[in-house]
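Novice: Provided herewith is a single structure, encoded as structure tokens, for subsequent inquiry.
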Amino acid sequence: MQNGTYPQDLHIHTIYSRDDSAVVPAQTPELIARVRHAELIGISDHFEHFADNEYDHYVHHLRALDLLVGTEVDGAPSVGFAASLAFDYYIYHCRDRAEDYRGVERLLATGRPVIIAHPNALDTKLDCLPPECLVEINNRYIWRCDWMQFYAPFTHRFRFVISSDAHQPQWLGQSVARRAALELGIEESLLVNELGKVAVTDARTGDQ
Ligand SMILES: [Zn+2]
Ligand SMILES: [Zn+2]
């Protein structure tokens, strides 16, 4: 892989995922921006780890590095608070329970793209999700299931994004996820098209 090979990577963790034991102090947003392994890079730290008291700092820090501001939301209990704060997009843990599926609707109502995180790892039932969702194929988890069996019935129902879910810099890869997408005949959906011009402009100027 060469720098800039990937069109996008929207699922990356940094030091703002404070309670994640895999993240080390050297993994700053600056390091991710410096590595530049994808053309469009979004940081998606765990919402529950920073939102309480570092949201403003997080947004300004990422904007200054020209990184998209995402977040990874851990199910229904966090949805209300997460939807009340502005992000470029949400990555969402949707376990197989009614309140988590309702949380998807609530996040979609913000008008921001909602990416369903590694559904094969959380037993998310894809037929319970609205087709407006983006479904993630990520390098960290895709190989832990029979991807043809799990995803093939849904390749025409959803749009898909491919991500690393990197918790350390050397995880900034997508080779297995891209192989799975190729076998599934999936054409990746690019977030720049999802966001639209107005949304991107608002986000870049910090108007929330
Ligand atoms: Zn996750
Ligand atoms: Zn993650």
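Novice: Out of the stretch 143-195, which trypsin sites (Lys or Arg not before Pro) are coil in DSSP terms and have no more than 14 other C-beta atoms within 10 Å?
Specialist: For trypsin sites (Lys or Arg not before Pro) across the stretch 143-195 that sit outside H, G, I, E and B with at most 14 neighbouring Cβ atoms in 10 Å, the list reads Arg157.
Novice: Shifting gears a bit: Want the number for Ser84 to Arg144: 0.36 nm per residue separation, take away the alpha-carbon distance, what's left?
Specialist: Difference between extended and current length: 18.2 nm.
Novice: Ok, one more. Under 20 °C and 1.002 mPa s, how fast does the chain diffuse according to Stokes-Einstein, given a Kirkwood radius computed over C-alpha pairs? Answer in µm²/s, whole number.
Specialist: Roughly 127 µm²/s, to the nearest whole number.
Novice: Are there any trypsin sites (Lys or Arg not before Pro) in the stretch 10-92 that are in a DSSP loop and have at most 13 other Cβ atoms within 10 Å? List them by number.
Specialist: Counting only loop positions with at most 13 other Cβ atoms within 10 Å, the trypsin sites (Lys or Arg not before Pro) in the stretch 10-92 are Arg18, Arg36.
Novice: About its Cα centre, what dipole magnitude does the chain give when the only charges are +1 on Lys and Arg Cβ and -1 on Asp and Glu Cβ, stated in debye to the nearest 20?
Specialist: 400
Novice: Just to be sure I follow the definition: excluding the sites themselves, where is the longest run in the chain that has none of the GluC sites (Glu not before Pro) in a DSSP loop with at most 14 other Cβ atoms within 10 Å?
Specialist: Value returned for the longest uninterrupted segment is 1-131.
Novice: Still on this structure, I have one more. Where does the charge balance sit around Val73 when Lys and Arg score +1, Asp and Glu -1, over other residues with C-beta under 11 Å from its C-beta?
Specialist: Overall, the nearby charge balance is -4.
Novice: Among Gly103, Gly80, Gly42, which one moves the most in a GNM of the chain with springs linking Cα atoms closer than 10 Å?
Specialist: Gly80
Novice: Suppose a student asked you for the relative contact order of the chain, using Cα pairs under 8 Å spaced at least 6 residues apart; what percent would you report?
Specialist: Relative contact order, the chain: 18 percent.
Novice: Calculated from DSSP H runs of 4 or more alone, at -39500 (n - 2.57) each and per residue, what is the 222 nm mean residue ellipticity of the chain, nearest 500?
Specialist: -10500 deg cm²/dmol
Novice: Using the Karplus equation 6.51 cos²θ - 1.76 cosθ + 1.60 (θ = phi - 60°), what ³J(HN,Hα) coupling, rounded to whole Hz, does each residue of the stretch 32-39 give in order, writing x for Gly and Pro?
Specialist: The phi angles translate into 5, 5, 6, 5, 6, 7, 9, 6 Hz.
All of the numbers you see were taken from the coordinates with simple rules; none came from a lab. All values derive from a computational prediction rather than experimental measurement. Note that we place each Cβ from the backbone using ideal geometry, even for glycine, and neighbour counts take in every protein chain shown.
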